[in-house]
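A.B. asks: Here it is, the structure in full.
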């Protein structure tokens, strides 16, 4: 006789799961023996908190395009673990969430502490998760546990990608696997079959005619194009027709940003070049981009004007077309499929030189990619010194993860990403404390890559413990802490005295060494590049604590 928990783990493997990230408790703890038995097929990754596990799982899905499993005890996975689930939901990352109701063995209605069944005296795990997932099954019967896992994988992998959850009634997890004889369970493969619909050929031909006619065509590219196939097709199509490429925050680095078609990232914290090019474009094509207010300067008047500019939107979800701005033409389908269909069309190549000239003049006028020099107090460096060192150090073998705050703004507004797909950002909820656990998850998902995680001291204070997982999983990453002793972005935006934003000096190099990591301290700009090189020579994770001048504001890096 087998058990429900054994069949759950078996189904996870059958659905293709390779890694499960967890801080186990109660019902998940009961499953650990079964994960041990299946360790050759699915790797269990232990974190120091549910928040870290959720971010690791989300970043893993982001870099691999396949869902990791996030597991934890109901009351904690739905609270501290909500960070990565929300990020996956808003940013479109595949993830399967597995949790329990924490009701022990049938005491839910009696108000047992921690319980999440939704009964009187209890909280409600399923209700919470339904607010931040594409799909949520509440399994109260043994067969529902297996079927729910199958459906969660199905939904997580369907466009638009996202998290899908299964909440298990705790009392069924250890039961013998005896199911209702009227219920049939089938192999997972048949449930996971899916063939995407292709974009309408007539609509794509209409778009090709619009591009051919346009003098200044511009693509706004978002998360929907962030996969290897679409990035490659985008470079070919945009290069062929000399279409300017601007991106959302999630789309940054979708093309080589040093190429003659790139104008950088849009938005208040983006590039003047991208913002100016959008204002001047006569044809605007949103490709896998929602045109959300966060990178559209919060719908600033004249930034994008559908009355004077022709707007086309290509999205896998028809609900996203015309969502924020009215469109002239909507194409439903995968961004890569639409680009593939455009490859052979006449995209106005006769105007290519004039279009390239427009882009070049725009970028020159807007000082696109210029890294300025800034003076700092003695014994400190500027955020821009970190950016300059990254610009010199990054190779096609690197992944770079960002965090919230000043450090991120200097990168998005100043650093040109040369390797498409290299940059990973918290572009869903954009929370602080994402970069380090994301770096660990990315390294586990892509062990062939060198990973650098850039964060501030605020983010590091929330997440440096994730390096414990990097050590245990033999996932050597480099963490760069831009340490300006406070919440720099908030401090910069204050109108009066800095209040409620400063931290006491904290030496993260000392903390990292105490955890068993290597560590380097940087207090001079000329040492930054060498520190990056030295960190990657180490035989394990390395943290670089960079003393950043607290007076180094993010405002010069922003387009106001």
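A.B. asks: Return the total of residues in the stretch 6-38 being over 28 Å from the mean Cα position of the chain (by Cα) and either outside any helix (DSSP H, G or I) or surrounded by fewer than 23 Cβ atoms within 10 Å (Cβ to Cβ) (or both). Before you say what the answer is, go through the steps one by one.
C.D. replies: Going residue by residue through the stretch 6-38, those that are over 28 Å from the mean Cα position of the chain (by Cα) are 6-7, 10, 26-27, 29-34, 36-38.
Applying the additional criterion that residues be either outside any helix (DSSP H, G or I) or surrounded by fewer than 23 Cβ atoms within 10 Å (Cβ to Cβ) (or both) yields 6-7, 10, 26, 29-34, 36-38.
Residues flagged as over 28 Å from the mean Cα position of the chain (by Cα) and either outside any helix (DSSP H, G or I) or surrounded by fewer than 23 Cβ atoms within 10 Å (Cβ to Cβ) (or both) within the stretch 6-38 amount to 13.
A.B. asks: Can you find a residue in the stretch 528-541 that is over 28 Å from the mean Cα position of the chain (by Cα) and outside any loop (DSSP other than H, G, I, E, B)?
C.D. replies: Narrowing the stretch 528-541 to residues over 28 Å from the mean Cα position of the chain (by Cα): 530.
Going one step further and asking which of them are outside any loop (DSSP other than H, G, I, E, B), we end up with 530.
Within the stretch 528-541, one or more residues are over 28 Å from the mean Cα position of the chain (by Cα) and outside any loop (DSSP other than H, G, I, E, B).
A.B. asks: While we're looking at this one, here's another question. Since residue 144 meets every condition but one in (1) outside the structural domain of residue 358 (by TED's automatic domain parsing); (2) crowded, with 19+ Cβ neighbours inside 10 Å; (3) touching a residue at least 60 places away in the same chain (Cβ under 8 Å), which condition does it not meet?
C.D. replies: Residue 144 satisfies every listed condition except (3).
A.B. asks: Here is a follow-up. When residues of the stretch 439-448 are filtered for being in a loop (DSSP other than H, G, I, E, B) and under 17 Å from residue 94 (Cβ atoms), how many remain? Before you say what the answer is, go through the steps one by one.
C.D. replies: Of the residues in the stretch 439-448, the ones in a loop (DSSP other than H, G, I, E, B) are 446-448.
Filter again for under 17 Å from residue 94 (Cβ atoms), leaving 446.
Counting residues in the stretch 439-448 that are in a loop (DSSP other than H, G, I, E, B) and under 17 Å from residue 94 (Cβ atoms) gives 1.
A.B. asks: Moving on. Going through the stretch 488-503 one residue at a time, which ones are touching a strand residue (DSSP E or B) at 6+ places or on another chain (Cβ under 8 Å) and part of a loop (DSSP other than H, G, I, E, B)?
C.D. replies: Matches in the stretch 488-503: 498, 501, 503.
A.B. asks: Tally the residues that are within 17 Å of residue 463 (Cβ to Cβ) and surrounded by fewer than 21 Cβ atoms within 10 Å (Cβ to Cβ), restricting the search to the stretch 514-537.
C.D. replies: Residues flagged as within 17 Å of residue 463 (Cβ to Cβ) and surrounded by fewer than 21 Cβ atoms within 10 Å (Cβ to Cβ) within the stretch 514-537 amount to 3.
A.B. asks: Name, by its number, the condition in (1) surrounded by fewer than 17 Cβ atoms within 10 Å (Cβ to Cβ); (2) more than 25 Å from the chain's Cα centre (by Cα); (3) not in a loop (DSSP other than H, G, I, E, B) that does not hold for residue 392.
C.D. replies: Here residue 392 meets the rest and fails (2).
A.B. asks: What tally of residues in the stretch 296-317 results from selecting those that are in a loop (DSSP other than H, G, I, E, B), out of contact with any helix residue (DSSP H, G or I) (no Cβ under 8 Å at 6 or more places or on another chain) and without any contact (Cβ under 8 Å) to a residue 60 or more places away in the chain?
C.D. replies: 8
A.B. asks: What number of residues in the stretch 405-438 are modelled with pLDDT under 95, surrounded by 21 or more Cβ atoms within 10 Å (Cβ to Cβ) and part of a loop (DSSP other than H, G, I, E, B)?
C.D. replies: Qualifying residue count for the region: 3.
A.B. asks: Give me a count of the residues in the stretch 155-170 that are in a loop (DSSP other than H, G, I, E, B) and in contact with a strand residue (DSSP E or B) (Cβ under 7 Å, 6 or more places away or on another chain).
C.D. replies: Counting residues in the stretch 155-170 that are in a loop (DSSP other than H, G, I, E, B) and in contact with a strand residue (DSSP E or B) (Cβ under 7 Å, 6 or more places away or on another chain) gives 1.
A.B. asks: Looking only at the stretch 68-88, filter to residues that are within 13 Å of the chain's Cα centre (by Cα) and within 20 Å of residue 446 (Cα to Cα); which one of those is surrounded by the fewest Cβ atoms within 10 Å (Cβ to Cβ)?
C.D. replies: 87
A.B. asks: Restricting attention to the stretch 318-344, report how many residues are in a helix (DSSP H, G or I), more than 26 Å from the chain's Cα centre (by Cα) and over 22 Å from residue 254 (Cα atoms).
C.D. replies: Kept after step one, since they are in a helix (DSSP H, G or I), are these residues of the stretch 318-344: 318-320, 335-342.
Checking which are more than 26 Å from the chain's Cα centre (by Cα) leaves us with 341-342.
Still in the running and over 22 Å from residue 254 (Cα atoms): none.
Adding up the residues that qualify gives 0.
A.B. asks: Something else now. Test residue 258 against the criterion of being surrounded by 22 or more Cβ atoms within 10 Å (Cβ to Cβ) and either more than 14 Å from residue 355 (Cβ to Cβ) or in the same structural domain as residue 324 (by TED's automatic domain parsing) (or both), and give yes or no.
C.D. replies: Taking the combined requirement at face value, the residue does not satisfy it.
A.B. asks: I would also like to ask the following. Out of (1) farther than 30 Å from residue 472 by Cβ; (2) assigned to a loop (DSSP other than H, G, I, E, B); (3) in contact with a strand residue (DSSP E or B) (Cβ under 9 Å, 6 or more places away or on another chain), the odd one out for residue 506 is which?
C.D. replies: Unmet condition: (1).
A.B. asks: Looking only at residues in the stretch 261-277 that are surrounded by fewer than 24 Cβ atoms within 10 Å (Cβ to Cβ) and at pLDDT below 95, which one is nearest to residue 369 (Cα to Cα)?
C.D. replies: 269
A.B. asks: Condition (residue is without any contact (Cβ under 8 Å) to a residue 24 or more places away in the chain, in contact with a helix residue (DSSP H, G or I) (Cβ under 6 Å, 6 or more places away or on another chain) and farther than 23 Å from residue 48 by Cβ) applied to the stretch 467-488: is it met by at least one residue?
C.D. replies: No.
A.B. asks: Out of 54, 93, report the one residue that is at pLDDT 95 or above, closer than 25 Å to residue 291 by Cα, within 19 Å of the chain's Cα centre (by Cα) and surrounded by 21 or more Cβ atoms within 10 Å (Cβ to Cβ).
C.D. replies: Residue meeting the stated conditions: 93.
One line per residue, one yes/no per condition, for (1) touching a residue at least 24 places away in the same chain (Cβ under 8 Å); (2) in the same structural domain as residue 451 (by TED's automatic domain parsing); (3) touching a helix residue (DSSP H, G or I) at 6+ places or on another chain (Cβ under 7 Å):
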position	(1), (2), (3)
329	yes, no, yes
346	yes, no, yes
357	no, no, no
361	no, no, no
371	yes, no, yes
378	no, no, no
387	yes, yes, yes
393	yes, yes, yes
397	yes, yes, no
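A.B. asks: Then there's this: Looking at (1) touching a strand residue (DSSP E or B) at 6+ places or on another chain (Cβ under 8 Å); (2) closer than 20 Å to residue 204 by Cα, which is the one condition that is false for residue 277?
C.D. replies: For residue 277, the failing item is (2).
A.B. asks: Can residue 519 be described as in contact with a strand residue (DSSP E or B) (Cβ under 6 Å, 6 or more places away or on another chain) and not in a helix (DSSP H, G or I)?
C.D. replies: Considered against the rule, which asks whether it is in contact with a strand residue (DSSP E or B) (Cβ under 6 Å, 6 or more places away or on another chain) and not in a helix (DSSP H, G or I), residue 519 comes out as yes.
The values are calculated or read from the model by the stated rules, or taken from the named source; none is laboratory data. Everything numeric here is computed off the predicted structure, so don't read it as measured data. Reconstructed Cβ throughout: ideal geometry from the backbone, glycine too, with neighbour counts over all protein chains shown.
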